[in-house]
Amino acid sequence: MNKQTQNESLARGLSDRHIQLIAIGGAIGVGLFLGSASAIQAAGPALVLSYAIGGIIIFFIMRALGELILYKPVSGSFSTYAAEMIGPWAGFITGWTYWFMWVVTGMAEITAVGIYVNTWFPDIPQWIPALIALVAVYLVNLIAVKAFGEVEFWFALIKVATILVLIVVGLVMITTGWGNNGEAVGFSNLWEHGGFMPKGITGVLFALQMVMFAFLGVEMVGIAAGEAQNPEKTIPSAVNKIIWRILIFYIGALIVILSLYPWNQLDGKTSPFVLTFAKIGIPAAASIINFVILTAALSSCNSGIFSTGRMLYTLAGQNHAPQALHYVSRRQVPSRGITVSAIVLLFGVVLNYFIPEKAFTYITSVATFGALWVWGIILYAHIKFRKKHQPTSFKMPGTPWTNWIGIIFLIGVGALLSLEESTRIALYVAPIWFGILALSYQLVRRYNKNDA
């Protein structure tokens, strides 16, 4: 099937507000609410610098993706661009890596749903809420793309509202002393306990791995673009606002948290959001943040089913997956791709109970490396695009220098994975994964040649 017409049978049911909130939701994950505690231990107040550096690179990646989307707004997104600009092998590897990355992330998030529900209802077996969550997001994705967009809109809104409340209430405490016996906290905690950069530049660098994976999912705007009602208008708007969202939601929230609490008094386990809400006298602080983290995990599962279903649909259209998956239901959704992804996710839930946690870490490490690959491919495909085509109305600034800065940065983050035992496994698993894909691509190519 011609790649230009590949997505005509998918419904363009995502409005501007859906795309805007999908972009926000993709940029704000569980990492901010939960993972920021351990990241603060790694870098201290200088974690703000790590997020600023990471945010600039994400902006470059998204601007490159934004221009490619305006050239061709298809749901296969970076897999389609990789195949066209770099070569069919790049489309194959990128598509399957992205599919696997989201499936593995979805497995972890569905398990997390069970754990979070367990804190309220300890008598319910963990697998029951995990299964209910999977069935719920599966059905939402089968109904229509608009249903996915609506659910994602409200999930993202909950996250945004929580962060804004934290920032506003925190600033009131910092400036007026409300919740602190009338004594203004001020901003001195940002530099008083060992300085602004207590762990030195190495702390800032080590935190970069955690920071970059907090941004995982921001590229999902590319997948959603194939079903946006007016991609020429909504995509540039959503992409340009990403840098401001990172500044406000990540850096703003961290400045408030690190001003309220000396960084060395945060234990690295309790969410800083829980501590802040508890400090202002909200007795149900832990439950509120638990609910927000639960919705963030559900949002990730919802996005995972959406993304993987579309990617299988695209791979099948490129003859890189079984042709049966290039199918659209009467509701104009790739139902077979969605179903296959949901079945694999179901297997992941079962797998969680039968394999040791360490073995599961080995699998998730592919997701870690997968994100770096996909982002790097977006930047490189854009360089190749500019050599072959005229720039679109949404020009990536500073090409090709900004592209190469981004690619070198991503390679650097990949190298940082080797320095810690818990993340080093990614560098062992990644060559095996890419080796399997390289062999699979040769077999698929041979099959397609014989079939032709």
Would you check which residues across region 56-79 are under 21 Å from Ser307 (Cα atoms), open to solvent by 10 Å² or more (accessible area, probe 1.4 Å) and not charged (D, E, K, R) and list them?
Phe59, Leu70, Tyr71, Pro73
Residue check, Ala286 open to solvent by 10 Å² or more (accessible area, probe 1.4 Å) and either touching a Pro at 6+ places or on another chain (Cβ under 9 Å) or part of a helix (DSSP H, G or I) (or both)
yes
Does Phe249 count as buried (at least 24 other Cβ atoms within 10 Å of the Cβ) and either free of Cβ contacts under 8 Å to residues at least 60 places away in the same chain or under 16 Å from Val160 (Cα atoms) (or both)?
no
I'd like to check something: does region 401-423 contain any residue that is in contact with a Phe, Trp or Tyr (Cβ under 8 Å, 6 or more places away or on another chain), open to solvent by less than 30 Å² (accessible area, probe 1.4 Å) and of a type in the set (Val, Ile, Thr)?
yes
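Residue-by-condition table, conditions (1) open to solvent by less than 40 Å² (accessible area, probe 1.4 Å); (2) under 19 Å from the mean Cα position of the chain (by Cα); (3) at negative phi:
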residue	(1), (2), (3)
Ile158	no, yes, yes
Ile167	yes, no, yes
Trp178	no, no, yes
Gly182	no, no, no
Gly186	yes, no, no
Trp191	no, no, yes
Met197	no, no, yes
Met220	yes, yes, yes
Ala225	yes, yes, yes
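Take Arg330 and tell me if it is open to solvent by 40 Å² or more (accessible area, probe 1.4 Å), more than 16 Å from Met311 (Cβ to Cβ) and modelled with pLDDT of 95 or more.
Details: open to solvent by 40 Å² or more (accessible area, probe 1.4 Å): yes; more than 16 Å from Met311 (Cβ to Cβ): yes; modelled with pLDDT of 95 or more: no.
Here the answer is no, as Arg330 does not meet what is asked.
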Counting only residues that are within 18 Å of Gly29 (Cα to Cα), open to solvent by 10 Å² or more (accessible area, probe 1.4 Å) and either in contact (Cβ under 8 Å) with a residue 60 or more places away in the chain or in contact with a Cys (Cβ under 8 Å, 6 or more places away or on another chain) (or both), how many does region 233-246 have?
3
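Filter region 137-153 down to residues that are assigned to a helix (DSSP H, G or I), more than 27 Å from Phe277 (Cβ to Cβ) and touching a residue at least 60 places away in the same chain (Cβ under 8 Å), then give me how many there are. Give the derivation first.
Within region 137-153, the subset assigned to a helix (DSSP H, G or I) is 137-143, 145-153.
Pick out the ones that are also more than 27 Å from Phe277 (Cβ to Cβ) and you get 137-143, 145-150.
Cutting the leftovers down to touching a residue at least 60 places away in the same chain (Cβ under 8 Å) gives us 137-138, 140-143, 145-146, 148-150.
Number of matching residues: 11.
Across region 298-357, what is the total count of residues that are part of a loop (DSSP other than H, G, I, E, B) and of a type in the set (D, E, K, R)? Please lay out each step first, then the result.
Step one: of region 298-357, the residues part of a loop (DSSP other than H, G, I, E, B) are 318-322, 326-334, 355-356.
Filter once more, so that each one left must be of a type in the set (D, E, K, R): 330-331.
So the count comes out to 2.
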Of all residues making up region 260-281, the number that are open to solvent by 40 Å² or more (accessible area, probe 1.4 Å) and either outside any loop (DSSP other than H, G, I, E, B) or farther than 18 Å from Ile40 by Cβ (or both):
6
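Name every residue in region 80-90 that is in a helix (DSSP H, G or I) and either in contact with a strand residue (DSSP E or B) (Cβ under 7 Å, 6 or more places away or on another chain) or farther than 14 Å from Arg310 by Cα (or both), in order of residue number.
Restricting attention to region 80-90, the residues satisfying the condition of being in a helix (DSSP H, G or I) are 80-85, 88-90.
Hits for region 80-90 are Tyr81, Ala82, Ala83, Glu84, Met85, Pro88, Trp89, Ala90.
Say we look at region 363-391 and pick out the residues that are open to solvent by 30 Å² or more (accessible area, probe 1.4 Å) and hydroxyl-bearing (Ser, Thr, Tyr); which of these is farthest from the chain's Cα centre (by Cα)?
Our first condition is that a residue be open to solvent by 30 Å² or more (accessible area, probe 1.4 Å); within region 363-391, this holds for 363-364, 368-369, 373, 380, 384, 386-391.
From what is left, the residues that are hydroxyl-bearing (Ser, Thr, Tyr) are 364, 368, 380.
On the way: Thr364: 14, Thr368: 11, Tyr380: 20 Å.
Looking at the filtered set, the residue picked out is Tyr380.
Please specify each residue of region 1-29 satisfying the condition of being modelled with pLDDT under 75 and surrounded by fewer than 21 Cβ atoms within 10 Å (Cβ to Cβ).
In the first step, residues of region 1-29 are kept if they are modelled with pLDDT under 75; the result is 1-9, 26-27, 29.
Residues satisfying the conditions are Met1, Asn2, Lys3, Gln4, Thr5, Glu8, Ser9.
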Residues Trp433, Trp404: which one is at pLDDT 95 or above and either more than 28 Å from Gly66 (Cα to Cα) or in a helix (DSSP H, G or I) (or both)?
Trp404
Sole residue being within 21 Å of Gly337 (Cβ to Cβ) and either outside any helix (DSSP H, G or I) or open to solvent by 10 Å² or more (accessible area, probe 1.4 Å) (or both), chosen from Ile53, Ile93:
Ile93
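The values are calculated or read from the model by the stated rules, or taken from the named source; none is laboratory data. Computed from a prediction, not measured in an experiment: that's the story for all the values here. Glycine also receives a Cβ, built like all others from the backbone with ideal geometry; neighbour counts cover every protein chain displayed. The accessibility values were calculated without ligands, DNA or RNA, using every heavy atom of the protein model including side chains. Shrake-Rupley method; radii C 1.70, N 1.55, O 1.52, S 1.80 Å.
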